[in-house]
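Q: Below are the structure tokens for one structure; questions will follow.
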Amino acid sequence: MVHTPVHASWTNQIEIFFSVVQRKVVAPNDFTDLDQIRDQFRAFEERYNATAQPFQWKFTTSDLDNLLTRLDRHTLDRQEESSAAPAT
């Protein structure tokens, strides 16, 4: 099981990657034919793969347990507040 950071999802990471591709490869938009686009994408892929490094997640299973405990506590506090509030 892989725990992604609570502030991001795999979809967000994919969107970030395609944003980079848009800015670095597609944005000039002055291609004369499809072969030129293919060559640009392949050059970008080779450069990207040569410099890419795996991301080291810092959100551990104990972090997840702590987050869930805090959420449970918050939910219970909200329920107690709503049941203690006078009806209007």
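Coordinate-derived values only; no laboratory data. All values reported here derive from a predicted model rather than from experimental measurement. For neighbour counting, all protein chains shown are included, and Cβ atoms are generated from backbone atoms with ideal geometry for every residue, glycine included.
Q: For Ser19 and Asn66 in one chain, what is 0.36 nm times their gap in residues minus the Cα-Cα distance, to one decimal in nm?
A: 13.6 nm
Q: While we're looking at this one, here's another question. Kirkwood hydrodynamic radius of segment 17-88 from all distinct Cα pairs, in Å?
A: 17.4 Å
Q: Quote to one decimal, in nm, the extra length available between Lys58 and Ile37 on full extension: 0.36 nm per residue of separation minus the C-alpha distance between them.
A: In short, 3.9 nm is gained.
Q: While we're here: Place +1 on the Cβ of every Lys and Arg and -1 on the Cβ of every Asp and Glu in segment 32-88, take the dipole about the Cα centre, and give the residue among Leu34, Thr60, Tyr48 whose Cα lies farthest towards its positive end.
A: Thr60
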